[in-house]
Amino acid sequence: MKKPLSIVLALALLVTGLAGCASTKESSAVETVSTTSAINPVSVTYADDDFYFDWKNGSYNTIGLNGSSATVDGEGLDVQGSIVTISKSGVYEITGSLTNGSIVVDVNRDTDDGTVFLVLNGAAIQSQTSAPIYVKNAKKAVILLENGTDNSVAGGSEYVVNEDGEPSAAIFSKSDLTITGSGKLAVTADYNDGITSKDDLKITDGSLTVTSKADGIVGKDSVSVKNGTFAITAGKDGIRSTNETDEDKGNVVVENGQFTIAAANDGMQAARLVQIDAGTFQLTSGGGYPGKTINSSNDFGAPPDQKANTSTTDSVQDEESKKGLKAGQGLLLNGGNIRVSSYEDSLHSNNDLIINGGILTLQSGDDGLHADNNLQITAGEISIKNSYESLESSNITVNGGKINATSTDDGINVNSKTGVLTITGGEVTLNANGDGLDSNGSINMTGGTVYVDGPTGNGNGSLDYDGSFAISGGTLVASGSSGMALAPNTNTQPSILMYYTSAQAAGTPITLKDKDGSTVVAYIPLKQYSSVAISSPKLTVGSTYTLYSGDHQIVEFTLSDSLTYLTESGVTTKPQNAGPGGGKGFGGAGNMPPREGGMPPNDGGMPPSDKLPQ
């Protein structure tokens with residue numbers, strides 16, 4: 001009995017939602033709202049000892065691993081069975097294999113503030129009961145991967161830990177830890193994390209392969225990557241920084257590198273800031289894009305991130321989070337070639353998200369780009385091949401870049417009634433089964449180019465807004481269904497809204513020409529359409545234009561106002577029961593007239609069955 005009841009409730013919500021969406025909206029000027037995202041970029045300082053150096057030309061100590069024992073030569077070294085303890089700063093070369101033991105660094109930092117260098121020179125270290133490399137106490141530790149060598153560290157599943165649950169990783173450091181050198185390091189962690197530093201973790205070079213039961217690489221205060229090659233398979237997060245309490249800590253900053261990450265939870269996650277300046281990334285989270293949107297089990301009609309199981313920074317929710325890149329405070333992309341296949345959002349920020357450059361290719365079971373506060377795009381190439389909503393935030397600003405996005409629901413969604421979608425530049429192409437441009441607040445377009453392949457069903461529209469849509473520059477072509485068609489309504493640049501008497505087939509070009517036969521706009525929709533909204537700086541009130549579908553002339557008309565309504569018979573008046581910028585009264589493509597109260601007929605607006613709650 002539960003399933004039929006849920007469907008009844010879903011239908012009731014659908015009727016309520018469509019009736020509310022179809023009701024007459026009052027026009028209002030776009031409010032002046034500050035939508036500028038404020039993320040202060042992080043500049044990481046690297047010391048000289050964070051990089052490889054010619055350690056052989058100086059003094060160094062040696063640790064030779066021999067199966068179940070070890071031999072040492074130098075000061076500050078002690079061997080007890082298969083446990084080697086380092087108690088003094090300096091350079092320590094480690095060679096050979098240890099089948100069940102550990103290298104423990106335990107330096108009194110009150111009397112010795114030097115750096116401990118662990119040179120892995122063809123070393124293989126295994127331990128079933130503790131961290132194979134355990135930096136228990138030191139001012140700073142550096143792992144040097146000797147050039148041209150293969151090294152490995154493997155932690156078993158039977159760790160003996162202290163009251164704080166430590167050590168909890170195959171390479172575990174209570175101090176600042178750096179990994180450098182051009183050698184190779186394979187880390188296997190059957191107990192918990194692969195590599196963990198309870199302070200800052202820096203990686204400036206090396207080829208790292210990490211396979212972990214839990215997180216792959218963790219730096220509590222920060223994870224900073226200068227360069228390197230990373231292959232990470234993680235039972236939880238791929239790379240993570242966890243400090244939520246100290247100001248300016250909890251960051252993941254990547255300046256360059258090559259990353260292949262397959263994580264059961266988030267690909268990269270930071271309590272505060274994720275910043276990517278350059279690099280190549282292949283991120284798979286939560287098993288990757290599931291082949292469909294994953295919101296069918298959520299409350300009907302609301303975005304997934306507004307449900308009970310929303311993304312938070314507490315540990316329980318973090319375990320459930322399956323996002324590509326996730327930040328608690330800010331997500332800043334300045335460059336990089338980033339490919340994400342994610343079960344949930346591909347890029348997610350609990351506050352602001354800024355994209356200043358880079359090439360992004362995203363496949364998401366939920367949102368492509370999501371920010372709880374502000375989402376800003378100034379440059380870059382963004383391709384969202386699959387998503388529930390391609391871009392979602394309280395405020396969205398597009399100042400530049402190139403965006404090509406496909407969504408099963410809205411293409412761009414401003415989910416706040418006080419929010420503004422601002423478009424000043426760039427090129428945006430949307431293929432949306434829901435609304436194309438959707439703002440619960442207002443839309444302000446001053447430049448750029450926007451193409452919308454909107455919905456074919458009349459329950460949504462190519463353009464949708466609750467406040468107003470002010471346009472003073474740029475080119476807009478929004479095609480789709482006619483049941484809820486809107487156009488810009490606060491215009492200093494002229495617009496038209498055309499209703500067709502029959503649906504135009506997918507692939508039928510839309511061409512608008514002036515009286516001299518010069519093309520004003522041209523676009524080829526990917527889906528059938530029965531309405532189109534067009535605005536261009538080439539349009540002038542009082543001038544004559546001709547609209548074509550393919551080679552067929554549809555209508556010749558003279559612009560009568562800043563917003564001109566058209567049918568195939570010519571200029572007409574604003575439809576009865578129309579919204580702020582368009583109409584629900586024509587019912588093109590053979591649709592019935594709107595019902596009482598402005599509700600359109602249900603001829604395609606019903607969500608597919610897989611979106612109904614079960």
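The values are calculated or read from the model by the stated rules, or taken from the named source; none is laboratory data. Note that this is a predicted model, so its numbers are computed, not measured. Reconstructed Cβ throughout: ideal geometry from the backbone, glycine too, with neighbour counts over all protein chains shown. Protein only, heavy atoms only, side chains kept; ligands, DNA and RNA dropped before computing areas. Shrake-Rupley method; radii C 1.70, N 1.55, O 1.52, S 1.80 Å.
For residues that are surrounded by 14 or more Cβ atoms within 10 Å (Cβ to Cβ) and under 43 Å from the mean Cα position of the chain (by Cα), scanning just region 569-578, find the one that is farthest from N458 (Cα to Cα).
Checked region 569-578; the qualifying residue farthest from N458 (Cα to Cα) is K574.
Go through Y52, Y60 for me and flag whichever is hydroxyl-bearing (S, T, Y), at pLDDT 50 or above and over 30 Å from T129 (Cα atoms).
Y52
Based on what the data block shows, is A170 aliphatic (A, V, I, L, M), under 13 Å from V135 (Cβ atoms), modelled with pLDDT of 95 or more and surrounded by 23 or more Cβ atoms within 10 Å (Cβ to Cβ)?
Details: aliphatic (A, V, I, L, M): yes; under 13 Å from V135 (Cβ atoms): yes; modelled with pLDDT of 95 or more: yes; surrounded by 23 or more Cβ atoms within 10 Å (Cβ to Cβ): yes.
For A170, the condition - aliphatic (A, V, I, L, M), under 13 Å from V135 (Cβ atoms), modelled with pLDDT of 95 or more and surrounded by 23 or more Cβ atoms within 10 Å (Cβ to Cβ) - is met.
I'd like to verify a number: residues in region 474-503 that are closer than 15 Å to I534 by Cβ, at pLDDT 95 or above and open to solvent by 20 Å² or more (accessible area, probe 1.4 Å), how many?
Total satisfying the criteria: 1.
Show the residue pairs that are 6+ apart or on different chains and have beta-carbon atoms under 9 Å apart, the first residue being within region 223-236 and over 22 Å from T204 (Cβ atoms), the second being buried (at least 23 other Cβ atoms within 10 Å of the Cβ) and hydroxyl-bearing (S, T, Y).
Going by the 9 Å Cβ cut-off, the qualifying pairs are T233/S212; G235/S212; K236/S212.
Whether any residue in region 242-261 is over 26 Å from A47 (Cα atoms), buried (at least 24 other Cβ atoms within 10 Å of the Cβ) and either under 19 Å from the mean Cα position of the chain (by Cα) or basic (K, R) (or both) is what I want to check.
yes
Based on this model, can you work out whether A470 counts as modelled with pLDDT of 95 or more and either outside any loop (DSSP other than H, G, I, E, B) or touching a helix residue (DSSP H, G or I) at 6+ places or on another chain (Cβ under 9 Å) (or both)? If you could, list the steps in order and put the result at the bottom.
Details: modelled with pLDDT of 95 or more: yes; either outside any loop (DSSP other than H, G, I, E, B) or touching a helix residue (DSSP H, G or I) at 6+ places or on another chain (Cβ under 9 Å) (or both): yes.
In short, yes.
A47 is checked against (1) modelled with pLDDT of 95 or more; (2) closer than 20 Å to F172 by Cβ and fails just one. What number does that condition carry?
Status for A47: all satisfied but (2).
Residue check: is K538 open to solvent by 60 Å² or more (accessible area, probe 1.4 Å) and either out of contact with any Gly (no Cβ under 8 Å at 6 or more places or on another chain) or touching a residue at least 12 places away in the same chain (Cβ under 8 Å) (or both)?
Against the criterion (open to solvent by 60 Å² or more (accessible area, probe 1.4 Å) and either out of contact with any Gly (no Cβ under 8 Å at 6 or more places or on another chain) or touching a residue at least 12 places away in the same chain (Cβ under 8 Å) (or both)), K538 qualifies.
Of (1) within 20 Å of Q329 (Cβ to Cβ); (2) out of contact with any Leu (no Cβ under 8 Å at 6 or more places or on another chain), G365 satisfies all except one. Which?
For G365, the exception is condition (1).
Of all residues in region 393-407, which are assigned to a strand (DSSP E or B) and open to solvent by 30 Å² or more (accessible area, probe 1.4 Å)?
K402, N404, T406
Within region 511-529, can you find the residues that are over 33 Å from the mean Cα position of the chain (by Cα) and assigned to a strand (DSSP E or B)?
If the condition is that a residue be over 33 Å from the mean Cα position of the chain (by Cα) and assigned to a strand (DSSP E or B), then T511, L512, K513, D514, T519, V520 are the ones that fit.
Would you confirm whether or not region 557-565 contains a residue that is touching a strand residue (DSSP E or B) at 6+ places or on another chain (Cβ under 8 Å), within 30 Å of T406 (Cβ to Cβ) and touching a residue at least 60 places away in the same chain (Cβ under 8 Å)?
We begin by selecting, within region 557-565, every residue touching a strand residue (DSSP E or B) at 6+ places or on another chain (Cβ under 8 Å); these are 557-560, 562-565.
Okay, now just the ones that are also within 30 Å of T406 (Cβ to Cβ), so 563, 565.
Among the residues that remain, those that are also touching a residue at least 60 places away in the same chain (Cβ under 8 Å) are: 563, 565.
Yes, because at least one residue in region 557-565 is touching a strand residue (DSSP E or B) at 6+ places or on another chain (Cβ under 8 Å), within 30 Å of T406 (Cβ to Cβ) and touching a residue at least 60 places away in the same chain (Cβ under 8 Å).
Could you list, in sequence order, the residues of region 157-190 that are assigned to a loop (DSSP other than H, G, I, E, B) and either touching a Pro at 6+ places or on another chain (Cβ under 9 Å) or closer than 24 Å to T115 by Cβ (or both)?
Y159, V161, E166, P167, S168, K174, S175, G181, S182, G183 - these are the residues of region 157-190 that are assigned to a loop (DSSP other than H, G, I, E, B) and either touching a Pro at 6+ places or on another chain (Cβ under 9 Å) or closer than 24 Å to T115 by Cβ (or both).
Can you report the number of residues in region 408-466 which are assigned to a loop (DSSP other than H, G, I, E, B), more than 27 Å from G291 (Cα to Cα) and either of a type in the set (S, T, N, Q) or in contact with a strand residue (DSSP E or B) (Cβ under 8 Å, 6 or more places away or on another chain) (or both)?
The number of residues fulfilling the criteria is 12.
Taking the options A231, A186, name whichever one is open to solvent by 10 Å² or more (accessible area, probe 1.4 Å) and under 17 Å from Q126 (Cβ atoms).
Working: A231 fails: under 17 Å from Q126 (Cβ atoms).
Within the list A231, A186, the selection yields A186.
Looking at region 504-535, which of the residues that are among the basic types (K, R) and surrounded by fewer than 19 Cβ atoms within 10 Å (Cβ to Cβ) is farthest from G457 (Cα to Cα)?
Ranking the candidates gives K515 first.
Can N399 be described as under 20 Å from the mean Cα position of the chain (by Cα) and in contact (Cβ under 8 Å) with a residue 60 or more places away in the chain?
no
Give me the pairs: first residue in region 319-342 and closer than 19 Å to N243 by Cα, second residue assigned to a loop (DSSP other than H, G, I, E, B) and basic (K, R), beta-carbon distance under 6 Å, and six or more apart or on different chains, which are they?
G328/R272; Q329/R272
Considering only region 34-95, give the strands (runs of 3 or more DSSP E) lying wholly within it that have at least 2 residues that are in contact (Cβ under 8 Å) with a residue 24 or more places away in the chain and surrounded by fewer than 17 Cβ atoms within 10 Å (Cβ to Cβ). Can you show your working first?
Numbers: elements: 61-67, 69-73, 77-80, 83-86.
Result: 61-67.
Within region 191-203, which residues are of a type in the set (D, E) and either assigned to a strand (DSSP E or B) or more than 29 Å from D246 (Cα to Cα) (or both)?
Those that are of a type in the set (D, E) and either assigned to a strand (DSSP E or B) or more than 29 Å from D246 (Cα to Cα) (or both): D193, D200.
State yes or no: is E381 buried (at least 22 other Cβ atoms within 10 Å of the Cβ) and among the acidic types (D, E)?
Here the answer is no, as E381 does not meet what is asked.
Tally up the residues in region 143-165 that are open to solvent by less than 20 Å² (accessible area, probe 1.4 Å) and under 16 Å from K198 (Cβ atoms), please.
Residues flagged as open to solvent by less than 20 Å² (accessible area, probe 1.4 Å) and under 16 Å from K198 (Cβ atoms) within region 143-165 amount to 1.
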